[in-house]
């Protein structure tokens with residue numbers, strides 16, 4: 001099973017620049033703020049700054065260097081929806097299936113909700129949903145385009161939205177991997193335990209760190225993608241590298257294009273924690289969770305993707321990791 005190296009979830013970038021984004025055309029118009037397509041810009045989704053990143057406007061790049069913006073897609077949620085569509089709502093449907101199979105109650109927190117499309121799907125399934133994200137741009141877009149859930153600003157490294165306020169926490173598309181350090185991961189899991197009722201579920205989907213043991217297919221060559229949005233052509237070149245010291249998968253993405261002629265490329269940097277299956281089990285157990293499922297697929301980002309009626313796998317060898325864990329009554 002493999003996924004494209006290009007992206008994770010809607011809103012799933014790290015950091016966001018304020019100000020103009022450096023590409024002309026519809027992106028520039030969106031950055032100026034027109035309707036739901038770009039309402040506000042803020043630091044990135046999912047609660048983590050870019051490792052070693054430079055806040056927009058601080059420092060001066062070399063004259064011929066690409067413009068350094070933290071996340072063009074987080075700045076422009078409508079562009080993210082266009083670049084990474086999920087018309088079948090696979091991620092939301094997969095999460096709802098997990099919740100139903102394990103008898104979760106109706107109150108759900110979608111942590112790292114991005115543009116709100118998965119939160120909205122869970123809401124349409126009859127659940128009382130709260131979508132949480134650190135990006136004000138994403139939250140504003142979610143409120144406008146995907147109404148129904150309540151949307152709040154929260155940092156996944158540590159949040160308090162009420163004790164036992166939820167029956168389930170959903171964390172999709174590698175959002176959990178923005179916890180780069182052990183303390184950040186403990187902070188997330190402690191917050192989940194605090195917010196979940198006894199017996200509540202944590203449902204998460206992410207990259208599998210074990211996949212990179214001896215495999216280099218996602219690292220060997222840059223991934224190049226071209227697409228057209230609102231009549232303008234865009235190109236992104238994505239390079240992935242493994243930082244073994246920090247146990248991170250680092251991504252560099254360079255955007256070019258638009259319809260404005262000679263414009264500076266936009267370079268972005270992101271990173272995800274490389275978590276291994278036994279390591280994840282250990283963190284969950286230490287924070288008061290019982291693992292009910294841990295497998296590599298099928299899931300919403302696997303190839304072939306999950307379909308209704310498919311049961312969870314039994315191995316953790318491929319490049320995605322899916323976990324369902326239950327909050328124990330006591331540590």
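Each reported figure results from applying straightforward, stated rules to the coordinates on display, with no laboratory input. Source: prediction; values computed, not measured. Quick reminder, even Gly has a Cβ in these numbers, built from the backbone with ideal geometry, and neighbours come from all protein chains shown.
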| Over the Cα atoms of segment 212-294, what is the Rg over Rh ratio if Rh follows Kirkwood? | 1.16
| field | Normalised alpha carbon radius of gyration of segment 265-331 [divisor 2.2 N^0.38 Å] | value | 1.38
| Given 0.36 nm per residue, what is the gain on full extension from residue 331 to residue 153 after removing their alpha carbon distance, in nm? | 61.3 nm
| task | Compute the Cα gyration tensor for segment 168-314, then decide on rounded, prolate or oblate, letting a ≥ b ≥ c be the square roots of its eigenvalues: rounded whenever a/c is under 1.5, prolate when a/b is larger than b/c in the other cases, and oblate in all that remain. | result | prolate
| query | For segment 121-196, what value does the Rg/Rh ratio take when both radii are computed over Cα atoms and Rh is the Kirkwood radius, given to two decimals? | reply | 0.96
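Which of 135, 174, 191, 223 comes first, and how do the rest follow, when ranked by fewest Cβ neighbours within 10 Å?
223, 191, 174, 135
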| field | segment 63-181: mean projected area of Cα convex hull, nm² | value | 8.9 nm²
| task | Could I have the simple spin-label model distance between residue 164 and residue 281, label points 7 Å from Cα toward Cβ, reported in nm to one decimal? | result | 3.1 nm
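What order, most packed first, do the peptides 158-164, 201-207 have when packing is the mean number of other Cβ atoms within 10 Å of each residue?
201-207, 158-164
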